[in-house]
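Single-structure report; data block below.
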Amino acid sequence: MFRFTCPHCGERDVVEFSYGGDASVVVPDLAAGEEAWFDAVYQRDNPRGPHVEYWHHVAGCRQWIRVERDTLTHEILACGPATGRMRPETGGEGA
Amino acid sequence: MSRYSVFSVLKGGLTGQTHWGRAWRDPEPKPEYDAIIIGGGGHGLATAYYLAKLHGMTNIAVLEKGWLGGGNTGRNTTIVRSNYMLEANAHFYEHSLKLWEGLSVDLNYNVMFSQRGVLNLAHSDAQMDAYARRGNAMRLNGIDAELLDREQVRRYAPVLDFSDSARFPIVGGLLQPRGGTARHDAVAWGLARGADSLGVDIIQNCEVTGFDIQGGAVKGVQTTRGAIKAEKIGMAVAGHTSQVAALAGLTLPIESHLLQAFVSEPLKPFIDGVVTFGAGHFYISQSDKGGLVFGGDLDGYNSYAQRGNLPLIEHLGEEGMALMPSIGRIRMLRHWAGVMDMSMDGSPIIGKTPIKGLYLNGGWCYGGFKATPGSGWVFAHTIAHDEPHWINRDLDLARFRDGRMVDERGAGPIPGHH
């Protein structure tokens, strides 16, 4: 189990959120060409360790947030709004 | 290697069954092989077995970082089926199912393959229409499929909730009678014994830490037990395919996700075949030891943790109760999770990579266990001939770039949704 610190609502359980995938993917310019779009749509680094990802606070404020989470330990390393700065998690067991 | 038979058991009875030897050797790695298979799970072992048996390549090694079958081979819910609709998947999984049907005899090892049937339940008329379509597609591809009405489902699995208060009333279902279950550990052990007897070196506790790639061609691997040369190397490490491929500089259309599985305390015979709930993602069967083996959906986020979380356990409990309330007081004995390679179209990737001599077998999503013999069979062909068999031709890595998805569910390029 883990909890996120939603930047709008505070600490909330994972069941309130829906996963939005790898947040390191940058949507390319429409004219960027096939290679850039192939990378963005299909290719993933899929790290075993810290992973920056989007979550949707569906059962809360309905805002998208950005989370840094360790995919091996499920430790939450940082949370923040989808487009702003992430704040490191402090205290608590996190994972 | 001694052949297992009833006579060997009887003869051993005269000496207190002390005649049993090791089922496979524990060799030191040689400095060079004709081919190396990375990953000592079912797929890697099957690949080595068929390379040696059908393609005459016996100077090969299987490298396993842990112990045989300690990954997803021993973590699945043991279901074998080929009820796929799309051509590429249908031909591949049906080929695999046919290999299952002869596997115990072929290996001289009882993999306990039991064709007890796989039934997908329908809870609406629309779902029955969809199953009729799938069943017809299967039959056109020579795969067995039977559309059952409510009464036929009741006869097949009377423990399901057929009462008036069922939350999702059962309308019917699609049955594949030739589907079933197998003993997953025995599959790894039987394939290991078979490959070893043909001369394959199975090397455990040997983790690949890097590739030797020169001029776009693979020349060998670095491992925790030294460098090993080979000009043909196959990766069969599903769950961690992205990690091993990254050692060769490859980025793949794969995300790793958690899938949980559960087993209850042992019961008397209770449910005969494999039953899947149609109003949610839940499937259940009963093992030969009597435990109810069940599972459902992914936890839903990238993970390598090999352990699941509680929300999904609660969700599965609710689905199980909606389907068969009689399990309500049965205690759950164990639960665990495996790391799934979730590909971008929900179908596996078996074929060549941009690096010469390096072959990829991964992206198994939920479908790895049932594919074990078929996967090894086509992967061995691909490695031996440096080109895919027609059966795995459409399951290549290049399909993502070319836009030839094999998306059974039509979910699009979101790995967690397949």
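The values are calculated or read from the model by the stated rules, or taken from the named source; none is laboratory data. Please read these numbers as outputs of a predicted model, since none were measured by experiment. Heads up, the Cβs are rebuilt from the backbone with ideal geometry, glycines too, and the neighbour counts pull from every protein chain shown. What goes into the accessible areas is simple: the full protein's heavy atoms, side chains included, and nothing from ligands, DNA or RNA. Shrake-Rupley method; radii C 1.70, N 1.55, O 1.52, S 1.80 Å.
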statement: Filtering segment B:379-410 down to residues that are over 13 Å from B:THR353 (Cα atoms) and of a type in the set (Gly, Ala, Ser) yields B:ALA380, B:ALA384, B:GLY403, B:GLY410
query: Hey, B:MET405 hits all of (1) open to solvent by 40 Å² or more (accessible area, probe 1.4 Å); (2) of a type in the set (A, V, I, L, M, F, W, C); (3) within 21 Å of B:GLN306 (Cβ to Cβ) but one; which does it fall short on?
result: (3)
message: Any residue at all in segment B:75-87 that's of a type in the set (Asp, Glu), within 15 Å of the chain's Cα centre (by Cα) and over 22 Å from B:ILE202 (Cα atoms)?
response: no
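For every residue, the table says whether it meets (1) at the interface with another protein chain (Cβ under 10 Å from one of its Cβ atoms); (2) surrounded by fewer than 22 Cβ atoms within 10 Å (Cβ to Cβ).
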site: B:ASP272; (1), (2): no, yes
site: B:GLY280; (1), (2): no, yes
site: B:GLN286; (1), (2): no, no
site: B:GLY290; (1), (2): no, yes
site: B:ASP297; (1), (2): no, yes
site: B:TYR304; (1), (2): yes, no
site: B:HIS315; (1), (2): yes, yes
site: B:GLU318; (1), (2): no, yes
query: When you scan segment B:397-418, how many residues do you find that are within 14 Å of chain A (Cβ to nearest Cβ) and part of a loop (DSSP other than H, G, I, E, B)?
result: 12
statement: Within segment A:1-21, the residues that are of a type outside the set (A, V, I, L, M), closer than 16 Å to B:ASP299 by Cβ and not in a loop (DSSP other than H, G, I, E, B) are A:ARG3, A:PHE4, A:ASP13, A:GLU16, A:SER18, A:TYR19, A:GLY20, A:GLY21
query: Can you tell me which residues in segment A:41-63 are surrounded by fewer than 16 Cβ atoms within 10 Å (Cβ to Cβ) and either part of a strand (DSSP E or B) or more than 7 Å from chain B (Cβ to nearest Cβ) (or both)?
result: A:GLY49, A:PRO50, A:VAL58, A:ALA59, A:CYS61, A:ARG62, A:GLN63
task: Among the residues of segment B:225-261, write down those that are over 19 Å from A:VAL41 (Cβ atoms), of a type outside the set (A, V, I, L, M) and open to solvent by 20 Å² or more (accessible area, probe 1.4 Å).
output: B:ARG225, B:GLY226, B:LYS229, B:GLU231, B:LYS232, B:HIS240, B:GLN243, B:GLY249
message: Within segment B:326-382, considering only strands (runs of 3 or more DSSP E) that don't extend past its boundaries, which have at least 3 residues that are open to solvent by 10 Å² or more (accessible area, probe 1.4 Å)?
response: B:332-343
query: Which ones in segment B:181-225 are of a type in the set (D, E, K, R) and closer than 29 Å to B:SER287 by Cβ?
result: B:ARG183, B:ASP185, B:ARG193, B:ASP196
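Are any residues in segment B:163-177 of a type in the set (Gly, Ala, Ser) and in contact with an Asp or Glu (Cβ under 6 Å, 6 or more places away or on another chain), and if so, which ones?
Listed by number, the list holds a single entry, B:GLY172.
A quick yes/no check of all residues on (1) acidic (Asp, Glu); (2) surrounded by fewer than 12 Cβ atoms within 10 Å (Cβ to Cβ); (3) in contact with a Ser or Thr (Cβ under 9 Å, 6 or more places away or on another chain):
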{"position": "B:TYR4", "(1), (2), (3)": "no, no, no"}
{"position": "B:LEU10", "(1), (2), (3)": "no, yes, no"}
{"position": "B:LEU14", "(1), (2), (3)": "no, yes, no"}
{"position": "B:GLY21", "(1), (2), (3)": "no, yes, yes"}
{"position": "B:ILE36", "(1), (2), (3)": "no, no, no"}
{"position": "B:ALA46", "(1), (2), (3)": "no, no, yes"}
{"position": "B:TYR49", "(1), (2), (3)": "no, no, no"}
{"position": "B:LEU54", "(1), (2), (3)": "no, no, no"}
{"position": "B:VAL62", "(1), (2), (3)": "no, no, yes"}
message: Being out of contact with any Pro (no Cβ under 8 Å at 6 or more places or on another chain) and not polar (S, T, N, Q) narrows it down to one residue among B:TRP100, B:TRP67; which is it?
response: B:TRP67
message: Every residue in segment B:121-147 that is touching a Gly at 6+ places or on another chain (Cβ under 6 Å) and either in a strand (DSSP E or B) or among the acidic types (Asp, Glu) (or both), please.
response: B:LEU121, B:ALA122, B:LEU147
message: Pull out all pairs, ordered by first then second residue, where Cβ-Cβ is under 7 Å, the residues are six or more apart or on different chains, the first lies in segment B:57-74 and is acidic (Asp, Glu), and the second is open to solvent by 20 Å² or more (accessible area, probe 1.4 Å).
response: B:GLU64/B:GLN204
query: What are the pairs, 6+ residues apart or on separate chains, where a residue within segment A:10-32 that is more than 14 Å from chain B (Cβ to nearest Cβ) has its Cβ under 9 Å from a residue that is in a strand (DSSP E or B) and open to solvent by 20 Å² or more (accessible area, probe 1.4 Å)?
result: A:GLU11/A:ARG3; A:GLU11/A:THR5
- prompt: If a residue has to be of a type outside the set (Val, Ile, Thr) and under 25 Å from B:ALA52 (Cα atoms) to count, how many in segment B:211-261 make the cut?
  reply: 18
- line: Residue pairs within 8 Å by beta carbon, gap of at least six or interchain, first lying in segment B:106-126 and within 23 Å of B:LEU323 (Cβ to Cβ), second in a strand (DSSP E or B) and hydroxyl-bearing (Ser, Thr, Tyr), listed first then second, are B:SER114/B:THR181; B:ARG116/B:THR181; B:ARG116/B:SER285; B:VAL118/B:THR276; B:LEU119/B:THR276; B:ASN120/B:THR276; B:LEU121/B:THR276
task: Please list, ordered by first then second residue, the pairs with beta carbon atoms under 7 Å, 6 or more apart or interchain, first in segment B:211-227 and at positive phi, second assigned to a loop (DSSP other than H, G, I, E, B) and surrounded by fewer than 21 Cβ atoms within 10 Å (Cβ to Cβ).
output: B:GLY216/B:ILE355; B:GLY226/B:PRO29
- line: Exception for A:ARG69 within (1) more than 9 Å from every other protein chain (Cβ to nearest Cβ); (2) basic (Lys, Arg); (3) not in a loop (DSSP other than H, G, I, E, B) falls at (1)
- prompt: What is the residue count in segment B:385-395 for residues that are open to solvent by less than 30 Å² (accessible area, probe 1.4 Å) and either within 16 Å of B:ALA52 (Cα to Cα) or touching a Pro at 6+ places or on another chain (Cβ under 8 Å) (or both)?
  reply: 1
- prompt: Which pairs have Cβ atoms under 8 Å, sit 6 or more apart or on different chains, and link a residue in segment B:82-103 that is free of Cβ contacts under 8 Å to residues at least 60 places away in the same chain to one that is basic (Lys, Arg) and open to solvent by 10 Å² or more (accessible area, probe 1.4 Å)?
  reply: none
